[in-house]
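Scroll down for the structure; my scribbles are underneath it.
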Amino acid sequence: MASSTKSFSIGDMQCIAISDGTFCYPANWFFSNVPQEQLEGSLRDHDLPSDQVATPYTCLLVKTGKHKVLVDTGAAGMAPTTGDLLKQLRAEGIAPEEITTVVLTHGHPDHIGGVLDANQKPAFPNASYVMSRTEWDFWAGDPNLNSSGLNDHLKELLVNCAHANLPPLKECVELLDGEKEIVSGVYAIPAPGHTPGHLALLLLSSNEQLLHMSDSVLHPMNLEYPAWRNVFDLSEDTAATTRRRLLDRAAADDAAVLAYHFPFPGLGRVRNNGTAWRWEPENPS
Ligand SMILES: [Zn+2]
């Protein structure tokens, strides 16, 4: 069986990439503005299935010494193949009560699926939950998802999930404006487009860095074809601008990168290939 956790370090920070599970999407949801024939050809050229994309949901635990920061909470309740986060944390010897900070990169169901327990109370009872104020306000109202490529059923699913999962966090949420250091060495970077308040993260410790790109890229093919959008991106243009900005930064800095939906553990480097970029996954060890 494939491993579901991967430990690594960034400077003095101990990190664990944790798979919450996987789910298969139709390929044309992931690459929705690409002519079908071209898409199938490109996927086949990369020895990938041409009809569907199997994607993991990779949460990240960061131990800074003082804090235990969890980035995103997985897709509990979405499918029988998801919702493994708590089990995997416990297998690593970490109880939910120990988590001090939960960063929610954005309000989609595959990132906020595990914020509550069975009693609709915060699943990490001693943590402050951190989210962009723009994102919180967007989902708190009557969000207009018409500029996405989502059908009505999916729009409803996203809104219902946000309306069920976010209000119970009201007492423990900390809302961010702009770029901000969340805890020592962990920085939130506004990365809008996928959603209005979508966040990327930067981890900095002892001259090492990790750029957590969250959903600014959904698939390694997004590096080769940064203009390919997915149905979930709310603003196609802003998402593409953000994607290029973060890929440029990752390549220029030779930063370690984590991408939430890339093949587990989603760790690697971004290389400039002259016209765009390519993904160099970390060697499995
Ligand atoms: Zn996602």
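General observations
- Candidates Gly197, Gly185, Gly178 - the one that is on the phi > 0 side of the Ramachandran plot and buried (at least 18 other Cβ atoms within 10 Å of the Cβ): Gly185
- Residues that are open to solvent by less than 60 Å² (accessible area, probe 1.4 Å), outside any strand (DSSP E or B) and more than 16 Å from the ligand (Cβ to nearest atom), drawn from region 251-273: Ala251, Ala255
- Count - residues of region 200-213 that are more than 16 Å from the ligand (Cβ to nearest atom) and either open to solvent by 10 Å² or more (accessible area, probe 1.4 Å) or within 13 Å of the chain's Cα centre (by Cα) (or both): 8
- If you filter region 92-112 down to residues that are within 25 Å of Thr195 (Cβ to Cβ) and of a type in the set (A, V, I, L, M, F, W, C), you find that the one that is farthest from the ligand (Cβ to nearest atom) is Ile99.
- Some residue of region 182-195 being of a type in the set (Phe, Trp, Tyr) and under 26 Å from Lys87 (Cα atoms): no
- The number of residues in region 182-234 that are touching a helix residue (DSSP H, G or I) at 6+ places or on another chain (Cβ under 9 Å), part of a loop (DSSP other than H, G, I, E, B) and of a type in the set (Gly, Ala, Ser) comes to 5.
- Neighbours by Cβ (under 6 Å, 6+ apart or cross-chain): first from region 240-253, closer than 15 Å to Leu199 by Cα; second of a type in the set (A, V, I, L, M) and open to solvent by 10 Å² or more (accessible area, probe 1.4 Å): Ala240/Ala227
- Verdict on Trp279 being open to solvent by 10 Å² or more (accessible area, probe 1.4 Å) and over 17 Å from the mean Cα position of the chain (by Cα): no
- The single condition among (1) in contact (Cβ under 8 Å) with a residue 24 or more places away in the chain; (2) in a loop (DSSP other than H, G, I, E, B); (3) closer than 30 Å to Gly11 by Cβ that Gly93 does not meet is (1).
- Considering only residues in region 214-238 that are out of contact with any Ser or Thr (no Cβ under 7 Å at 6 or more places or on another chain) and more than 25 Å from Asp45 (Cα to Cα), the one that is most open to solvent (accessible area, probe 1.4 Å) turns out to be Asp237.
The values are calculated or read from the model by the stated rules, or taken from the named source; none is laboratory data. Just so we're clear, the structure is a prediction, and the values are computed from it rather than from any experiment. Here the Cβ is made from the backbone with ideal geometry for all residues, glycine too, and neighbour counts use every protein chain on show. Heavy atoms of the whole protein, side chains included, go into the accessibility calculation; ligands, DNA and RNA do not. Shrake-Rupley method; radii C 1.70, N 1.55, O 1.52, S 1.80 Å.
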